[in-house]
């Protein structure tokens, strides 16, 4: 059996509350999806999600986020609702996973789709308004399958697109991209290299228009969207089982070859933003004109998730009229609600070509991504986050700007190198450990004096097992690759010998090895470095780390989420190393800790 479902209602709830299956009031969420399965079964398998969740500032906890990506692979769960007859269920409760956690809402099931094509028209005529809207959204998403695909033969399989080989010499293309149906016209004129692949062109179109890349997109050859014509598939399309020509294997100059050639660019299958792309002219491409440029344009981009072109027209007209309180467009309750939902300072007529050019160049370099410029292991961790952990990471990444290599001053370098030089000076060419594996008292005392431990340590500092700062420093020196232990002897590594007399290189060598540890300790260390670099400290830092680690799936033995103290323990070695470089236990320079954390993530300027 096949059915079209409508999730009406729902609002964001924390991931840890997902199992509560609470029924929530309607908050502007409208999700349509195609499912297959048994009417009497409890589990439904999603074929395709054609619409993303739309949130109208429903939850104060997530009030700064309006769009949530929802994909099938993030999960879909349903449970039996109220039975309305033998073997039938009229309502199901569905939870669709997104970046903020899970969204929940009630589902109404349509009657089975007729297998006889001649009965399809009668079936459609008997649909309710909401059911017809769901079916329309399925058409817009191209998500119909099976018997529903017989409606206008919309369900035919996508096919490969025959393309001419790329030109031997790529050209510089001048093209226009216009938002179809916009009145007055919303458009951009762009200058782009013809050898860009369509996945890169997608990012440039997003930047030039002013979108946020929060929804799916699609390229199709020709002047207008047609469901009888093939389209270029994305990685997500292939994950969903689609076949065809990959957009990242197609160059722009293969689809736009002569002035007048057109390409259709569709964005957000729910709101249905269709862009007509027209090639105006070609010119020789040189090393001096490869950078993307916006040459002109008019009017601002519609707000994400406003509801489509007609809804945008209503909002824009209201703003142009001075936003009268007695003529607020739907679905807003009042002017305050509208202003709360709209982007801050939104003007439907504002557009600046220089800003569009800057945005395109940032996007093509990936600088628009929140994790741009941070080490790859941290970027990978951030991209795995959902819910509260993602919000924390996003805030810390924002505070990380500007993302420039750190210029450590000479005093910073001297203080940061001090503990490591103290260890290396005491160890010398190598030192024998005691039978119990400890440093000798003479070496312990020398390290304590050289590193400044004796400035605040009470009592003798000549036994490693009783002088934890020295023990921690020795352990950290081994972890960062300055010392190695073999056959009862502790000796400097070749790496340490190469930089021992050059403090700046010594500090850079240590920072390159952070965070310390593996697995949980390494992940906790990365989040610690991010928080410290963003200026966080104390309980706020530990709580944020715990939220992110919990989002990644780390749990205690009792299967509960991690506490702030759990997170701090995981990052302890990394924090000890940083604090020892910033003055030690009782003389920590927190500003230097922040600079060192930033230098770890963004690099050190190698100027003496």
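Can you name the residue in segment 493-515 that is out of contact with any helix residue (DSSP H, G or I) (no Cβ under 7 Å at 6 or more places or on another chain) and in a helix (DSSP H, G or I) and, of all such residues, is surrounded by the most Cβ atoms within 10 Å (Cβ to Cβ)?
508
Would you confirm whether or not segment 342-353 contains a residue that is over 28 Å from residue 269 (Cβ atoms), modelled with pLDDT of 95 or more, within 29 Å of the chain's Cα centre (by Cα) and surrounded by fewer than 19 Cβ atoms within 10 Å (Cβ to Cβ)?
Yes, segment 342-353 contains a residue that is over 28 Å from residue 269 (Cβ atoms), modelled with pLDDT of 95 or more, within 29 Å of the chain's Cα centre (by Cα) and surrounded by fewer than 19 Cβ atoms within 10 Å (Cβ to Cβ).
Which of the numbered conditions does residue 338 fail, given that it passes all the others? Conditions: (1) surrounded by 15 or more Cβ atoms within 10 Å (Cβ to Cβ); (2) part of a loop (DSSP other than H, G, I, E, B).
Unmet condition: (2).
Give segment 429-454 a look and list any residue that's closer than 18 Å to residue 419 by Cβ and without any contact (Cβ under 8 Å) to a residue 12 or more places away in the chain, or say none.
454, the sole residue that qualifies.
What helices (runs of 4 or more DSSP H), lying completely within segment 172-266, carry at least 2 residues that are touching a helix residue (DSSP H, G or I) at 6+ places or on another chain (Cβ under 9 Å) and farther than 24 Å from residue 281 by Cα?
Passing ranges, in order: 235-239.
Take segment 287-309 and flag every residue that is out of contact with any helix residue (DSSP H, G or I) (no Cβ under 8 Å at 6 or more places or on another chain), surrounded by fewer than 18 Cβ atoms within 10 Å (Cβ to Cβ) and in contact (Cβ under 8 Å) with a residue 12 or more places away in the chain.
Residues satisfying the conditions are 289, 290, 298, 308.
Tally up the residues in segment 575-602 that are assigned to a helix (DSSP H, G or I) and free of Cβ contacts under 8 Å to residues at least 40 places away in the same chain, please. Steps first, answer last, please.
Of the residues in segment 575-602, the ones assigned to a helix (DSSP H, G or I) are 575-581, 590-602.
Adding the requirement that they be free of Cβ contacts under 8 Å to residues at least 40 places away in the same chain leaves 579, 591.
Number satisfying all stated conditions: 2.
Being assigned to a loop (DSSP other than H, G, I, E, B), closer than 22 Å to residue 575 by Cβ and without any contact (Cβ under 8 Å) to a residue 40 or more places away in the chain is the requirement here; does residue 461 meet it?
yes
Considering each of 478, 446 in turn, give the residue that is within 24 Å of residue 503 (Cβ to Cβ) and touching a helix residue (DSSP H, G or I) at 6+ places or on another chain (Cβ under 9 Å).
Working: 478 fails: touching a helix residue (DSSP H, G or I) at 6+ places or on another chain (Cβ under 9 Å).
Checking each option against the conditions leaves just 446.
Please verify whether segment 548-566 includes one or more residues that are in a helix (DSSP H, G or I), touching a helix residue (DSSP H, G or I) at 6+ places or on another chain (Cβ under 8 Å) and loosely packed, with under 15 Cβ neighbours inside 10 Å.
So far as segment 548-566 goes, yes, one or more of its residues are in a helix (DSSP H, G or I), touching a helix residue (DSSP H, G or I) at 6+ places or on another chain (Cβ under 8 Å) and loosely packed, with under 15 Cβ neighbours inside 10 Å.
Please go through segment 371-417 and pick out each residue that is more than 17 Å from residue 597 (Cβ to Cβ) and under 11 Å from the mean Cα position of the chain (by Cα).
372, 380, 383, 384, 385, 386, 390, 391, 394
The values are calculated or read from the model by the stated rules, or taken from the named source; none is laboratory data. Here the structure is a predicted model, which means the values were calculated and not measured. Quick reminder, even Gly has a Cβ in these numbers, built from the backbone with ideal geometry, and neighbours come from all protein chains shown.
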